[in-house]
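Following: one structure in structure tokens, then a few remarks.
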Amino acid sequence: MSGIIGRKIGMTNVFDEEGISIACTLIEAGPCVVTQVKDVETDGYKSVQLAYDEKKEKRTSKALKGHFNKAKTSPKKQVVEFRNFREEFEGQVALGNTIKVGEIFKENDYVDAIGISKGKGFQGVVKRHHFKGVGDKTHGQHNRLRAPGSIGGASYPARVFKGMKMAGRMGGDRVKVLNLKVIKIIPEEDLILISGSVPGSKNSTIILEK
Amino acid sequence: MSELIKLIEQEYAEIRKKYPSFKAGDTINVHVKIKEGNKERIQQFQGTVLRRNNKSTNGETFTVRKVSNDIGIERIFPLLSPNIAKIELIRKGSVRRARLYYLRGRQGKAARIKEKLK
């Protein structure tokens with residue numbers, strides 16, 4: 001699986017040839033540096049580690065500095081490992097190489113986007129788990145419009161099952177959105193425009209996979 | 001807005017310049033491309049602009065209302081859609097609101113809009 005690390009810029013829309021408006025997200029993807037290449041002989045599996053986004057040297061631990069020095073690059077904020085980086089990149093992938101968005105994706109490809117969703121705070125079951133709430137506003141019902149209802153039997157099982165859907169913290173999860181179409185790539189600016197929305201706020205890290 | 005997003009939207013900025021400036025209360029004639037099988041023809045839709053929505057974004061739309069055979073018809077067009085061939089400004093209207101929903105409840109004389117004189 002090949003991929004790249006990027007940053008969400010924001011959303012806009014474009015029109016296709018038939019005049020249909022497509023909502024799309026602009027992502028600044030790469031350039032990423034190969035910081036480690038794992039092999040079956042040394043690590044037991046094949047993978048490629050990419051790093052993205054400059055980080056101040058003084059904020060980097062000695063151990064990490066050593067790691068980046070091996071690839072002859074400056075410290076980076078985001079380090080992500082991609083397993084089974086596509087065979088076609090086998091030649092290009094070497095320690096310290098730079099990988100750009102145009103080398104990995106083409107227009108009309110389908111990609112998956114991974115990000116951390118926006119935090120929603122403590123939310124009730126209606127918003128968090130799409131419960132319907134109590135059906136009626138009237139007929140004597142007065143204060144349980146968005147309540148979860150029963151959470152289990154009183155005499156049997158006489159306990160609440162583990163994993164029962166309840167109110168709680170929502171958002172801030174790692175979310176993967178599948179099969180987003182690549183609308184446009186601007187290699188000079190390291191930009192990629194993909195259809196649909198992507199989890200997270202603006203400037204949050206997005207991992208694109210193919 | 002981010003400079004990088006403008007990079008994507010700039011190709012549509014040219015299309016935007018092509019059209020005359022119009023706003024709610026104006027009467028315009030929209031030439032819409034319609035595909036029928038392999039043939040393409042142009043249909044015109046003339047009426048009063050009720051509003052412009054999501055202004056100065058790529059998703060900008062405008063609503064045009066006309067009364068045809070005593071039936072009010074409103075169409076919403078995306079401003080930057082490639083299916084819009086031409087927009088003609090027929091008449092400038094003088095109105096005090098940005099959104100003329102009050103026209104929906106009016107007919108005949110009551111639905112008139114004063115012409116804007118320069």
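Taken together, the values in this text are just the output of simple stated rules run on the coordinates, not laboratory data. Just so it is clear, the structure is predicted and the values come from calculations on it, not from any experiment. So basically every Cβ, Gly included, is an ideal-geometry build from the backbone, and we count neighbours across all protein chains shown.
In peptide A:9-21, how many Cβ atoms from other protein chains are near each Cβ within 10 Å, on average? Please report the intermediate quantities before stating the final value.
On the way: counts 7, 5, 3, 10, 10, 6, 8, 1, 1, 4, 9, 4, 6.
Counting other chains' Cβ atoms within 10 Å and averaging over A:9-21 gives 6.
On the basis of the beta-carbon distance and an R0 of 22 Å, residue B:53 and residue B:29 show a calculated FRET efficiency of 0.65. All other residues whose Cβ lies under 12 angstrom from that of residue B:3 are scored, Lys and Arg at +1 and Asp and Glu at -1, for a net of -2. When the P(r) is computed for chain A, the part past 29 Å accounts for 44% of the Cα-Cα pairs. In this Cβ point-charge picture (+1 for Lys and Arg, -1 for Asp and Glu), segment B:11-105 has a dipole of about 320 debye about its Cα centre. Roughly how far apart, in whole Å, are the Cα centres of segment B:86-118 and segment A:48-87? Each part reduced to its Cα centre gives a spacing of 61 Å.
Which of these, A:150, A:197, A:61, has the largest mean-square fluctuation under a Gaussian network model of chain A (Cα springs below 10 Å)? Greatest mean-square fluctuation among the candidates belongs to A:150.
Each label point was placed 7 Å from the Cα along the Cα-to-Cβ direction; for residue B:85 and residue A:141 their separation is 5.5 nm.
GNM remark for chain A: springs join alpha carbons under 10 Å apart, and the peak mean-square fluctuation among A:143, A:84, A:179 falls on A:143.
Cβ under 12 Å from residue A:56's Cβ, residue A:56 left aside: what net charge do those residues give with Lys, Arg +1 and Asp, Glu -1? That sum, taken over residues with Cβ under 12 Å, equals +3.
The chymotrypsin sites (Phe, Trp or Tyr not before Pro) of segment A:116-210 that meet both conditions, a loop assignment by DSSP and at most 13 other Cβ atoms within 10 Å of the site Cβ, are A:161.
Could you work out the helix-only [θ] at 222 nm for chain A, with each DSSP H run of four or more residues adding -39,500 (n - 2.57) and the total divided by the number of residues, to the nearest 500 deg cm²/dmol? Write out the running numbers ahead of the final one.
Details: 4 runs with 22 residues, N = 210.
One gets -2000 deg cm²/dmol as the mean residue ellipticity at 222 nm.
Mean-square fluctuations from a GNM of chain A, with a 10 angstrom spring cutoff on Cα atoms, peak among A:159, A:83, A:174 at A:159.
Highest mean first, the peptides A:33-42, A:1-10 sorted by other C-beta atoms within 10 Å per residue fall in the order A:1-10, A:33-42.
Helix B:3-18 and the long axis of chain B differ in direction by around 50°, with both axes built from C-alpha atoms.
For residue B:86, the aspartates and glutamates whose Cα comes closer than 15 Å to its Cα, not counting residues fewer than 8 places off in the same chain, are B:14, B:40.
How many Cβ atoms of partner chains, on average, are near each residue of B:57-65 if near means within 10 Å of its Cβ?
Details: counts 2, 8, 5, 1, 1, 0, 0, 0, 0.
Taking all residues of B:57-65 together, the mean is 2.
Would you mind computing the Rg to Rh ratio of chain B from its alpha-carbon coordinates, Kirkwood style for Rh? Please report the intermediate quantities before stating the final value.
Details: Rg = 15.6 Å, Rh = 15.5 Å.
Rg/Rh: 1.01.
Using a cutoff of 8 angstrom between alpha carbon atoms and counting only pairs six or more residues apart, the relative contact order for chain B works out to 28 percent.
Peptide B:68-81 shows a mean partner chain C-beta count of 1 within 10 Å per residue C-beta. Cross-link reach is defined here as a Cα-Cα straight distance under 19 Å, omitting same-chain residues fewer than 8 places apart; for residue B:109 the lysines meeting it are B:66, B:92. Filter A:165/B:55; A:55/B:6; A:76/A:181; A:210/B:18; A:76/A:210; B:18/B:118 down to the pairs with a C-alpha to C-alpha distance above 31 Å, please. With Cα atoms farther than 31 Å apart: A:165/B:55; A:210/B:18. Tell me, what is the percent relative contact order of chain A, built from C-alpha pairs under 8 Å that lie six or more residues apart? In percent, rounded to a whole number, it is 31.
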